[in-house]
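What follows is a single structure, written as structure tokens, with notes after it.
Computed from the coordinates by the stated procedures, all read-outs in this text should not be read as laboratory data. Quick caveat: nothing in here was measured; it's all calculated off a predicted structure. For neighbour counting, all protein chains shown are included, and Cβ atoms are generated from backbone atoms with ideal geometry for every residue, glycine included.
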Amino acid sequence: MNTWDVIVVGAGPVGSYLSRRLAEKGYRVLLLDQKGKTGRRICAGVIGAEAFQRFPLPRCSILYTVDSITMVSPSGKRLRHATKEPMAYVVDRVAFDRALLEEALDKGVEFANLSRVLSVEMTAMGMEVRCKRLVNGGEVMSFRASLVVLATGYTPGLLASLGLPGYPGAVVGIQAVNLMRDVEEIEVYLGRNVAPDGFAWLVPVGDGMVRAGLVVERDARLWLERFVYSSRVMPRVVENHGPVRATWIPRGPIPKTYGDGFLVVGEAAGQVKATTYGGVYYGLICADHALSTIEGAFRLGNFQEEVLSGYQEAWLHEIGEELELGAKLREEARRFTDEDIDRLFVLLGSDGLLPRLRAAVRFDWHKDAICLFVKHRLMSSIPLERRIVEKSIDSGRSEE
């Protein structure tokens with residue numbers, strides 16, 4: 001049986017990045033993925049500029065710089081947010097993922113693609129991963145390591161097999177690529193007749209091609225068709241160009257992201273932004289915390305959960321409050337009617353709130369903007385529960 005120091009399951013951005021960092025530290029790493037080298041990612045492909053500043057991400061994948069976004073209310077009110085500095089980049093996700101994987105392979109990471117993981121379990125000899133090859137007759141193979149990192153996407157089955165509690169829920173992200181006219185910047189659409197309890201987007205990617213997608217809890221294909229064929233979108237569609245693809249996205253983090261001999265990182269752990277469901281940046285942040293924990297475990301020669309628990313403490317310290325407050329706002333927003341959302345757009349343009357909110361907004365960090373927003377006196381006309389207001393006030397005091 002082949003033996004490694006660490007087995008990483010999932011060759012998305014988080015899995016490839018963590019594999020590379022481990023290999024740079026001298027660990028023998030096996031990276032498993034059930035897709036091919038490039039995969040097919042269902043993603044709007046908008047990654048915050050801060051992620052590129054903090055991590056060595058492949059700039060060759062950048063299609064263009066985002067310095068403005070237009071929000072559209074249910075009645076068609078438009079609110080444009082523009083910045084002098086780049087707030088994000090639209091990337092080619094296949095090229096982005098491929099580049100991160102190639103960097104890992106260049107550092108000596110062994111890669112087994114087209115390998116579906118069947119089980120992960122602790123044995124007397126360490127962690128054992130059984131997987132089925134999706135080629136060559138479906139051969140079942142076993143690999144052994146001191147530690148396993150799950151860096152897949154949404155994976156309730158694997159979590160259950162490890163005895164971990166599941167996700168607090170999930171949504172469906174769905175997207176198609178269309179040839180369109182007059183889409184000059186990212187547009188985000190809100191409303192119960194657009195994407196109930198979610199949002200829809202148009203993201204131009206060049207040469208008239210536009211990613212049209214949305215996030216909803218159910219009936220995703222139906223809602224995408226309604227969005228694309230709506231009066232605000234359909235007149236601009238020249239040609240339906242690409243297939244529709246969908247994926248599950250966790251609504252928040254799982255309660256426990258470690259156990260004897262394993263860690264769970266990134267989207268697999270539900271470490272996604274509570275407001276937009278973006279997972280790349282937060283996943284990379286948590287990958288660095290996982291790396292530190294893994295190094296400590298190897299120094300001690302101990303891979304029991306009492307040693308690995310420091311990983312959860314570390315990532316919660318950095319992004320936990322952001323996730324908690326964002327999730328509370330998201331849950332309260334489920335009560336909003338379309339009229340409430342339209343009223344919000346009016347409020348944002350009155351009483352000097354919008355300039356203050358723009359100053360507080362950061363693409364990947366929403367806590368400060370949420371605190372400012374819900375504490376504003378005009379918000380008394382919007383049905384936010386008192387507990388989220390009190391939470392935001394407490395957060396504001398802790399920063400003073």
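For a protection proxy built on the mean count of beta-carbon atoms within 10 angstrom, sort 139-148, 255-264 highest first, please. Working shown, then result.
Details: 139-148: 18.6, 255-264: 21.9.
Per-residue Cβ counts within 10 Å, averaged per peptide and sorted highest first, yield 255-264, 139-148.
Just grab the label-to-label distance for residue 300 and residue 139, each label 7 Å out from Cα along the Cβ direction, in nm (one decimal).
Taking the two extended label points, one gets 3.8 nm.
Name the residue from 346, 316, 259 whose Cα lies farthest towards the positive end of the charge dipole of the chain, charges +1 on Cβ of Lys and Arg and -1 on Cβ of Asp and Glu.
It is 346, whose Cα lies furthest towards the positive end.
I'd like the antiparallel share, as a percent to the nearest 5, of DSSP beta bridges with both residues in the chain.
Values: 55 of 76 bridges.
Antiparallel bridges: around 70 percent, rounded to the nearest 5.
Ranked highest first by the average count of other Cβ atoms within 10 Å around their residues, in what order do 86-92, 320-326 fall?
With the highest mean Cβ count within 10 Å placed first, the list reads 86-92, 320-326.
Would you please give the residues with an amide H less than 5 Å from that of residue 278, counting only those at least 5 places away or on a separate chain, with H modeled from the backbone geometry?
Amide H neighbours of residue 278, under 5 Å, 5+ apart: 273.
Alpha carbon centre of the range 192-213 versus the range 260-328: separation in Å?
Going from one Cα centre to the other spans 30 Å.
Please tell me the relative contact order of the chain in percent, rounded to the nearest whole number, where contacts are Cα pairs under 8 Å and at least six residues apart.
Value for the chain: 16 percent.
Per residue of the range 230-245, in order, report the coupling 6.51 cos²θ - 1.76 cosθ + 1.60 (Karplus, θ = phi - 60°) as ³J(HN,Hα) in whole Hz, putting x for Gly and Pro.
Calculated HN-Hα couplings, in order: 6, 5, 8, 10, 4, x, 9, 7, 8, 7, 6, 9, x, x, 7, 10 Hz.
What is the dipole size for the range 170-249, taken about its Cα centre, with +1 at each Lys and Arg Cβ and -1 at each Asp and Glu Cβ, in debye to the nearest 20?
Here the range 170-249 has a charge dipole of around 220 debye.
For the chain, modelled as a Gaussian network with Cα springs under 10 Å, which listed residue fluctuates most, 204, 74, 235?
Residue with maximal mean-square fluctuation among 204, 74, 235: 235.
Name the shape class, rounded, prolate or oblate, that the alpha-carbon gyration tensor gives for the range 101-260, where a ≥ b ≥ c are the square roots of its eigenvalues, rounded holds for a/c under 1.5, and otherwise prolate holds if a/b is larger than b/c and oblate otherwise.
Since a/c reaches 1.5 and a/b is larger than b/c, the shape of the range 101-260 is classed as prolate.
Residue 260's amide H: which non-local residues (gap 5+, or another chain) put their own amide H closer than 5 Å, with H modeled 1.01 Å from N in plane and none for Pro or chain starts?
Sorted by chain and number, the residues that satisfy this are 305.
Relative contact order of the range 170-249, please, whole-number percent, based on alpha carbon pairs below 8 angstrom and at least 6 residues apart.
On the way: 163 pairs, mean separation 36.5, N = 80.
Reported relative contact order: 46 percent.
How much mean residue ellipticity at 222 nm does the chain get from its helices, if each DSSP H run of length 4 or more adds -39500 (n - 2.57) and you divide by all residues, to the nearest 500 deg cm²/dmol?
Result for the chain, helices only: -10500 deg cm²/dmol.
Enumerate the calculated ³J(HN,Hα) couplings along the range 261-268 in order (Karplus 6.51 cos²θ - 1.76 cosθ + 1.60, θ = phi - 60°), each rounded to whole Hz, writing x wherever the residue is Gly or Pro.
Once θ is set to phi - 60°, the couplings for the range 261-268 become x, 8, 10, 10, 10, x, 4, 4 Hz.
For the range 10-25 and the range 109-149, compute the distance between their C-alpha centroids and round to whole Å.
17
For the chain, just say rounded, prolate or oblate: build the C-alpha gyration tensor, square-root its eigenvalues into a ≥ b ≥ c, call rounded for a/c under 1.5, and beyond that prolate if a/b exceeds b/c, oblate if not. Intermediate values should be presented prior to the final figure.
Values: a/c = 2.01, a/b = 1.49, b/c = 1.35.
Judged from the Cα gyration tensor, the chain comes out prolate (a/c at least 1.5, a/b above b/c).
Sort the range 170-249 into rounded, prolate or oblate with this rule: let a ≥ b ≥ c be the square roots of the eigenvalues of the Cα gyration tensor; rounded if a/c is under 1.5, and if a/c is not under 1.5, prolate when a/b is larger than b/c, oblate otherwise.
prolate
Within 10 Å of each candidate Cβ there may be at most 16 other Cβ atoms; applying that plus a DSSP loop requirement, which GluC sites (Glu not before Pro) in the range 211-269 survive?
217
Roughly how big is the chain's charge dipole about its Cα centre, with Cβ charges of +1 (Lys, Arg) and -1 (Asp, Glu), in debye to the nearest 20?
Once rounded to the nearest 20, the dipole reads 720 debye.
Once Lys and Arg get +1 and Asp and Glu get -1 on their Cβ, which of 224, 86, 365 lies farthest toward the positive end of the dipole of the chain?
The residue sitting farthest along the positive end of the dipole is 224.
Of the peptides 242-254, 53-65, how do they stack up when ordered by the mean number of other Cβ atoms within 10 Å, highest first? Please report the intermediate quantities before stating the final value.
Working: 242-254: 18.0, 53-65: 14.8.
Highest mean packing first, the order is 242-254, 53-65.
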